[in-house]
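Let me begin by presenting the structure, written as structure tokens, before commenting on it.
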Amino acid sequence: MLHTLAEVNAVAETLWPLSGTESWDAPGLLSGDPARTVSSIHLAVDAVADTVDEAVAAGADLLLVHHPLLLRGVTSVAEDRYKGALLATLIRADCALIAAHTNADVVESGTSAVFAQKLGLLDATPIVPSSSNPAHGLGRVGRLATPTTLGTLARELGDILPATASGIRVSGDFDAPVTTVALCGGAGDSLLSDPAVLAADVYITSDLRHHPASEARENAQLGSGPALIDVSHWASEWLWLETAAAELRESLPGVTVTVSDLRTDPWDFVVLQ
């Protein structure tokens, strides 16, 4: 069965409604001819040189990514700038580009929901529920089937997440008991003060900055707030790709959907002191 890019984009908007997009975000169809036929889709977290080249080499008609390439204002797509170079490569190869970002974070099978599922959280609900649909929203909070310790949980995350140079950072006592877990795939320090996060035993997210993390640590030591686990932004969201691929395969019979295994975490190595 043949599907046009417009039809594929409509499916994407059904799976990840644009109504769930944060005001600052820019997902959706970024480049491509809506009338062109799509027979293969390649999924990645980031549109970077490696994933663009991978999609083109695979003969994909569409690269569907989590992070929008054109999130910030762009005044030039000259090919001596990476965004222009990437778009030119995709356009020459007749490979379209779609992004599903915060609109894919908040749905019931979105980034944080998949992360919570991989961790085995029970009764997981959004940290910040949508006013229009309580099952939708940012982050997830739930409980472990079997209580564990902070150190054991961190090691389990090492088995769940793809490896990255930055690894997994933890703030808290290695042997601290953990039952309730709050998490947010991607950057989540904006939720540090949310009551659901403060009530959890641990908060797992990415890109924790020094000052918010330091304040949270100090509060936790006074008994008011969770331990912290900081993981790779890319790794926490990469988990979602296979779920997204399965949803696309079901919605688009006959279309080949593949998932990139390329690591697009920006860090290459660390130096231990």
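Here are the numbers for the structure shown:
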| quantity | calculated |
| --- | --- |
| Residue in region 89-107 that is within 22 Å of the chain's Cα centre (by Cα) and farther than 22 Å from Thr51 by Cα present | yes |
| Test set (1) closer than 19 Å to Trp234 by Cα; (2) in contact (Cβ under 8 Å) with a residue 40 or more places away in the chain; (3) of a type in the set (A, V, I, L, M, F, W, C) - Leu69 fails condition number | (2) |
| Residues being within 8 Å of the chain's Cα centre (by Cα) and part of a loop (DSSP other than H, G, I, E, B) - total across region 232-254 | 2 |
| Test result for Ala58, farther than 18 Å from Val77 by Cβ and either in contact with a strand residue (DSSP E or B) (Cβ under 9 Å, 6 or more places away or on another chain) or charged (D, E, K, R) (or both) | yes |
| Filter pass, Leu157 being buried (at least 17 other Cβ atoms within 10 Å of the Cβ) and part of a helix (DSSP H, G or I) | yes |
| Residue selected from region 18-64 under the condition in a loop (DSSP other than H, G, I, E, B) and either outside the structural domain of Cys95 (by TED's automatic domain parsing) or hydroxyl-bearing (Ser, Thr, Tyr) (or both), by the criterion farthest from the chain's Cα centre (by Cα) | Ser39 |
| In region 109-130, the residues that are farther than 21 Å from Leu64 by Cβ and either part of a loop (DSSP other than H, G, I, E, B) or modelled with pLDDT under 95 (or both) | Gly120, Pro126, Ile127, Ser130 |
| Filtered residue count, region 81-108, keeping only those that are outside any helix (DSSP H, G or I) and either of a type in the set (A, V, I, L, M, F, W, C) or modelled with pLDDT of 95 or more (or both) | 12 |
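The values are calculated or read from the model by the stated rules, or taken from the named source; none is laboratory data. The model shown is predicted, which means the values in this text are computed figures rather than measured ones. No Cβ is skipped: glycine too gets one built from the backbone with ideal geometry, and neighbour counts run over all protein chains shown.
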